[in-house]
Amino acid sequence: GEDRLRLAAAAARFGFYDADLRTGAVYWSPEMRAILGVGPDAPAVPAGAVPEFVHPEDRPRVRQRMQASFDPQGPGVLEDEY
């Protein structure tokens, strides 16, 4: 579960974020904050703003995948690598 994801992120140095669409709560892992240069005490950026941190050439793909993750018929998960 969640503990395994945190351990894997720390070991592999990959970042992740989690957004609860019902509450609007956003969590950024320490690795994600480090990758994007966001301090540990700074508020997490809303999920919709994540593409602004992505290279301009990758933004259309990221936005498309984000939209697809909201599809009720889809898996409800966004996975991508940069």
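If I take every Cα pair under 8 Å that is 6 or more residues apart in the chain, average their sequence separation and divide by the length, what percent do I get for the relative contact order?
Relative contact order for the chain comes out at 16 percent.
When all protein chains stay in place, what accessible area (Å², nearest 10, 1.4 Å probe) is found for Tyr27?
Per-residue accessible area (Tyr27): approximately 80 Å².
Just to verify a number: what accessible area does Asp3 come out at with the full protein assembly present, 1.4 Å probe, Å² rounded to tens?
Roughly 120 Å² of Asp3 is accessible to a 1.4 Å probe.
What is the percent of Cα-Cα separations in the chain that go past 22 Å?
Numbers: 859 of 3321 pairs.
That fraction is 26 percent.
Keeping all protein chains in place and using 1.4 angstrom, which order do Val54, Val77 fall into by accessible surface area, from largest down?
Values: Val54 15, Val77 80 Å².
Most to least solvent-accessible, the answer reads Val77, Val54.
With labels modelled as points extended 7 Å from the Cα through the Cβ direction, what inter-label distance (nm, one decimal) is found for Leu21 paired with Ala68?
Result: 1.5 nm between the two label points.
Write out the trypsin sites (Lys or Arg not before Pro) in region 1-67 meeting two conditions: DSSP loop, and at most 12 other Cβ atoms within 10 Å of their Cβ.
When the trypsin sites (Lys or Arg not before Pro) of region 1-67 are filtered for loop state and at most 12 Cβ neighbours within 10 Å, Arg13, Arg22 remain.
Figure the gain on full extension for Leu7 and Glu81 (residue separation times 0.36 nm, minus the Cα-Cα span) and round it to one decimal in nm.
24.8 nm
The values are calculated or read from the model by the stated rules, or taken from the named source; none is laboratory data. Source: prediction; values computed, not measured. Cβ coordinates were reconstructed from backbone atoms using ideal geometry, including for glycine residues, and neighbour counts include every protein chain displayed. Heavy atoms of the whole protein, side chains included, go into the accessibility calculation; ligands, DNA and RNA do not. Shrake-Rupley method; radii C 1.70, N 1.55, O 1.52, S 1.80 Å.
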